[in-house]
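Asks: Okay, here's the structure, questions in a sec.
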Amino acid sequence: LSIPSIYSYIDHLIQSFALFELRKFDWKLHNIFDKSMKYFLIDNGILSSLSLNKREIEEKLFENLVFLNLKRKNLEIYYGRDDKGKEIDFLVKGKDKFLKIQVTLELNESNYERELSSLFLASKHHVKGTNLLLTLQDNEEEILYKNIKIKKKNVIKWILGVSIFQFS
């Protein structure tokens, strides 16, 4: 399979709305500049059929779920990555601020630094807005990490619009 053929297949999947592309946000210009893309499928069943290990599938399904929810709301969505490969899952552009979203199945000792430092990445580059960490865990809390506030929310409550933070 040649590279042009792969691009052609990807283009057909995008044209048929089976696949969506997410563009990379340029930190320095606060704009879209890089041609790097991430891809998300409309059908999580396709992802489930891939021969990845169970944990990788769960993580991809979870990230895909959040993307599809944002896409359904017709929002302007990007992802961010720095020169060292550090990535933030979603940057949702508002009028003058961003909603910065990091997605993880659970926040624990082994991934605490990695997941929260991704949100710090956006703040380091002066991307203003709300920092949101979505998990499957029930507890919602506000975390202070390197002087930035991060709202940790349960993804199901977030999708349904139910949160302890909606009243604060």
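Asks: Translational diffusion coefficient, Stokes-Einstein: compute it for the chain using the Kirkwood radius over C-alpha pairs as Rh, at 37 °C and 0.692 mPa s, and state it as an integer in µm² s⁻¹.
Replies: Working: Rh = 17.0 Å.
Translational D for this selection: 193 µm²/s.
Asks: I would also like to ask the following. Membrane-span-like helices in the chain: DSSP H runs reaching 30 Å or more (Cα, own axis), mean Kyte hydropathy at least 0.0?
Replies: Span-like helices here: none at all.
Asks: Over the chain, with a Gaussian network built from C-alpha contacts below 10 Å, which listed residue (Lys128, Lys38, Lys54) shows the highest mean-square fluctuation?
Replies: Lys54
Asks: Sticking with this structure for a sec: Running a GNM on the chain with Cα contacts under 10 Å, which residue among Phe40, Phe17, Phe90 ends up with the highest mean-square fluctuation?
Replies: Phe17
Asks: Let me ask something additional. Would you kindly state how much longer the chain becomes between Asp96 and Asp138 on full extension, computed as 0.36 nm times their sequence separation minus their alpha carbon distance, in nm to one decimal?
Replies: Fully extending the segment from Asp96 to Asp138 adds 12.0 nm.
Asks: Could you give the length gained on full extension between Thr130 and Glu58, defined as 0.36 nm per residue of separation minus the Cα-Cα distance, in nm? Could you put the intermediate results ahead of the total?
Replies: Numbers: separation 72, 0.36 × 72 = 25.92 nm, distance 2.56 nm.
Computed gain between Thr130 and Glu58 is 23.4 nm.
Asks: A further question follows. Would you calculate the separation in nanometres between label points at Lys84 and Ile159, each defined as 7 Å from the Cα along the Cα-to-beta-carbon direction?
Replies: Placing both labels 7 Å beyond Cα along the Cβ direction yields 3.4 nm.
Asks: Too long at a 24 Å Cα-Cα cut-off: which of Lys38/Lys157; Lys84/Lys157; Lys95/Lys146; Lys73/Lys157?
Replies: Details: Lys38/Lys157 26 Å; Lys84/Lys157 33 Å; Lys95/Lys146 26 Å; Lys73/Lys157 16 Å.
Among Lys38/Lys157; Lys84/Lys157; Lys95/Lys146; Lys73/Lys157, the Cα-Cα distance tops 24 Å for Lys38/Lys157; Lys84/Lys157; Lys95/Lys146.
Asks: Something else about it: Name the most mobile residue of Asn111, Asn44, Asn154, meaning the one with the largest mean-square fluctuation, in a Gaussian network model of the chain with Cα contacts below 10 Å.
Replies: Among Asn111, Asn44, Asn154, the largest GNM mean-square fluctuation belongs to Asn111.
Where a number appears in this text, it was derived from the coordinates with a stated rule and is not lab data. Keep in mind it's a predicted model, so treat the numbers as computed, not measured. Heads up, the Cβs are rebuilt from the backbone with ideal geometry, glycines too, and the neighbour counts pull from every protein chain shown.
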